[in-house]
Structures are given as C-alpha cells and as structure tokens.
Amino acid sequence: MDPLLLGAMVALATIFVLFSGISVAIGLLVVSAGFLIAFDGMRSLELMPEIFFGKLDNFALLSIPMFIIMGASIASTRAGADLYEALERWLTRVPGGLVISNLGACALFAAMSGSSPATCAAIGKMGIPEMRKRGYPDGVAAGSIAAGGTLGILIPPSVTMIVYGIATESSIGRLFLAGVIPGLLLMGLFMAWSLYSTWKSGHAAAMDKASYSWAEKIEILPRVIPFLLIILGVLYAMYGGIATPSETAAVGALLCLLIAMIIYKLWNPRDLWVVLRDSTRESVMILFIIAAAGVFSYMLSSLFITQSIAEWIGTLDVNRWVLMGAINVFLLIAGFFLPPVAVILMAAPILLPIITTAGFDPIWFAVVLTINMEIGLISPPVGLNLYVINGIAPDISLRTILVGSLPFVACMVIAILLLCLFPGLATWLPDAVMGVAR
C-alpha cells in the first residue's frame, strides 16, 4: 500500500481512537499495535516492549518528575498569593499596576510551577476578585489570568520544552533559553492589551493607585525571594556548567520542598504525601505518553510513513512560509483537543524532518509550537484554563471568560508572526550563552 495513503489511515484511526475518550498513551499503543499487526504481522509486536521501555532509558527524563515536584510543592503553599501581594505592593505606583501585577505574578509563578492550571488557580483566587473590586472589566480580569497562566509552558524551566528536547534530541538548555525572550515578549503584549482594553472600556478609574508603606512592601519579600533565588540558582547551575538539567531539577525540587516546609509550615505528613502523590501521578502520565509515543514513532518509521511524508513535502513547489503556515494551522487545531505533551510527542517525528528540510531551526520551531499549544489552553472545546477560571469565579460566565481571552489569543498570533519575521528573538540568547549550534 502507498505509504501516504497508509499515513492518512493512521491519522484517521488515531483521531477516532483518541476521540473515543481513551487515554492518549493507551490510544497510541492501540493504533501502533493494530497497524503493525496488519502490515508487518504478529512478530512485529516482539519489539514493542523493548521500544516502550527503551524510550524511558534516558537520563534527561529524570528532570521531568523533579520539576513537577518543584512545582507541586510551590502550588501547595501560599506562594502564589504572596507573590501576587508582593508585586501589587511594589507596582502600585505604576499606571494599571494591578493588572501588571497579576500578569507578572502569573509569569513568575508559572516559571516556578511549570503548570498552567496551577498558575490560574493560585493567582486567580487573589487577582480576579481584587481586579473586579477595583473596577476592571470581568473580561480583562478573567482573560488576563487565563492567558498569563499559559506562560508556564514557555518560560523556563518548562516540562513541555523538556519533552520536545527528548522527542527531537535537541539541547534542553538551548530550548530553555529560547523561551525567555518570547516569554517576556508575550507578557509585554498581554500587559499592553490589558491596559488598553481597560482604558478603552471607560474603566480608567480602575487604574487608581492604592497606597502601601515601605514597611508593608518590605514585609512580604522574605516569603517570595527564596523561591525566586531557587529559579535563578537552577538556571545558573544549568548554564554555568555546574550540573545537568536533571541534577539541577533534583536540587531545585529538594530546596522547594524544604522552603515549603520551613516558610509555609508544610510539616503535616498528609500534606507532604499529597504533594508526592500528585507529582508521581502526573509524572507517570507524562512518562507513559512518552513511551507510547516512542512505539507510535517506530510504527510510523517501520511502515515508511514518516519518510514518505517528508519526501512528498520536499517535492511540493510551495514557499516554505506557506508550509510553515499550514503546520501552524495543524498545530493550532491539534492543540484545541489534545494536551501539549501529547501533541509534541505525536507530531515531532513527522514535523521535524519537514521543518529541517525546509530550512527552519528546530529550536526556533520549538517556541512557535509552544505558543500554539498555549493558544489551545485558552481556546474551546478543551481550553483547560478557561474551566479553571470558571471554577474559581463561577459568577463570571464561561462566555465572558472566553471573549476576554480571545484578544490574548490574538497577542499570541502576533508573537508567532514576530518570531517568523525576527527568528533571532528565539535563537539569539541560546547562541549568545551557549555558542552557535553546529
């Protein structure tokens, strides 16, 4: 059978299986086993266990549960509320300081936790009621938190970037650095829109400044500075050549647990058990998907689907930016229905040879892909962040949250366009810190 036709059959079967409600990992294994048996015979299944467990035999994978523990220990404390309060007190003199405080708190908490839903819940519980009380429109209050939470998968340390690095055999250090400037760019676009929207809607009074004494400003700092120092320490250890990403993640996880226990009195064994239990559950889910995606990639390669698609794309007489536009549409649609980790692991084996053949930088593409995944987090029908915000502010309708989030989707599209026009936004910092990749 023609490999391209077979590839179309695999795509349809995968969509059908995943939409049946089955878990992503099991769905990928079912599709892989079915096509391998149909076209290679029963003996092809003998390699599946070896490929499945072989995909997990990677030292870099240790960083995933460590970063997840790091984020879970922070999310289990009042660190998010304290971070929000600290920024609000210090930015109170800045016009529109409250919305800037919320987005800044989202960016910092997302960098610490790496979880978009956790960021929305932690910052939204404090930020949304305060913004509404001061007169900010409901759409701006809810939409800014929903969008700010997405920064967690772009600003390092990012589990999504680790997964992409493992799937494409790219440098995780470079991927982390590549997300810094685009992450700050996105945060700037979010802030600019929030301030403009508040002003345009006639709610200028919402920007009235509260007043805090210097004592109140300084009093909050000891509760948040240690967490920020851990992030800086992790990044310094990684890029200073002191330790590998997995080693720095392990140290960061231990320090976050200790700070949560010392500063926030997280001594109760039951609370610590919840942190470790939830971290283990999320880590196993991600690792299960990674292993299943390895089998899925083997099936695509074994049946010559990946190679044929890359060959076919290479023969198309189209501008490479038209090709990139089509890839972005595909990623956008996939992100509407599937979590970022699943999309990356399923799409990377197919897309990587295509983008490299077209002359695109895989590190740059990782940032573009991640922003597409961010759009999926605040877009229906899945849009996890929308439902988290609706859960913490049930009197704001889901429609209002969605409408308030749409301008931030436009900001993400603008960021993708800017990255296409100026690829150096993603590649300059990795090259400056780690040298030009060869």
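Below, the figures for the structure above:
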{"quantity": "Condition met for Leu417 (among the hydrophobic types (A, V, I, L, M, F, W, C), part of a helix (DSSP H, G or I), surrounded by fewer than 14 Cβ atoms within 10 Å (Cβ to Cβ) and at pLDDT 85 or above)", "calculated": "yes"}
{"quantity": "The range 229-240 residues that are in a helix (DSSP H, G or I), paired with ones that are surrounded by 13 or more Cβ atoms within 10 Å (Cβ to Cβ) and of a type in the set (Ser, Thr, Tyr) (beta carbon under 7 Å, 6 or more apart)", "calculated": "Val234/Thr248; Ala237/Thr248; Met238/Thr248"}
{"quantity": "Condition met for Lys217 (modelled with pLDDT of 75 or more and surrounded by 13 or more Cβ atoms within 10 Å (Cβ to Cβ))", "calculated": "yes"}
{"quantity": "Complete set of residues in the range 160-175 that are surrounded by fewer than 24 Cβ atoms within 10 Å (Cβ to Cβ) and among the hydrophobic types (A, V, I, L, M, F, W, C)", "calculated": "Ile166, Ala167, Ile172"}
{"quantity": "Matching option when the condition is in contact (Cβ under 8 Å) with a residue 40 or more places away in the chain, over 23 Å from Leu287 (Cα atoms) and more than 20 Å from the chain's Cα centre (by Cα), among Ile100, Ile37, Ile51, Ile26", "calculated": "Ile100"}
{"quantity": "Residue list for the range 5-24, restricted to those being loosely packed, with under 14 Cβ neighbours inside 10 Å and at pLDDT below 75", "calculated": "Phe19, Gly21"}
{"quantity": "Output for the range 222-250, where each listed residue is β-branched (Val, Ile, Thr) and surrounded by 18 or more Cβ atoms within 10 Å (Cβ to Cβ)", "calculated": "Val224, Ile230, Ile231, Val234, Thr248"}
{"quantity": "Among (1) buried (at least 19 other Cβ atoms within 10 Å of the Cβ); (2) under 22 Å from Ala121 (Cβ atoms), the one test that Pro349 misses", "calculated": "(2)"}
{"quantity": "Failed condition for Gly325, given (1) modelled with pLDDT of 85 or more; (2) small (Gly, Ala, Ser); (3) closer than 25 Å to Leu429 by Cβ", "calculated": "(3)"}
{"quantity": "Extreme residue, nearest to the chain's Cα centre (by Cα), among residues of the range 108-139 that are surrounded by fewer than 24 Cβ atoms within 10 Å (Cβ to Cβ) and over 25 Å from Leu228 (Cα atoms)", "calculated": "Gly139"}
{"quantity": "Selection within the range 140-158 - of a type in the set (Val, Ile, Thr) and either surrounded by fewer than 24 Cβ atoms within 10 Å (Cβ to Cβ) or farther than 26 Å from Ala366 by Cβ (or both)", "calculated": "Val140"}
{"quantity": "Matching residues, the range 257-285, being part of a helix (DSSP H, G or I) and of a type in the set (A, V, I, L, M)", "calculated": "Leu257, Leu258, Ile259, Ala260, Met261, Ile262, Leu272, Val274, Val275, Leu276, Val284, Met285"}
{"quantity": "Qualifying helices (runs of 4 or more DSSP H) (wholly inside the range 286-363; at least 2 residues being within 21 Å of Ile162 (Cβ to Cβ))", "calculated": "320-337, 340-357"}
{"quantity": "Candidate set from the range 288-308 (those that are surrounded by fewer than 19 Cβ atoms within 10 Å (Cβ to Cβ) and of a type outside the set (Gly, Ala, Ser)); member that is nearest to the chain's Cα centre (by Cα)", "calculated": "Phe288"}
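The values are calculated or read from the model by the stated rules, or taken from the named source; none is laboratory data. Here the structure is a predicted model, which means the values were calculated and not measured. Cβ: placed from backbone, ideal geometry, glycine included. Neighbour counts: every protein chain shown.
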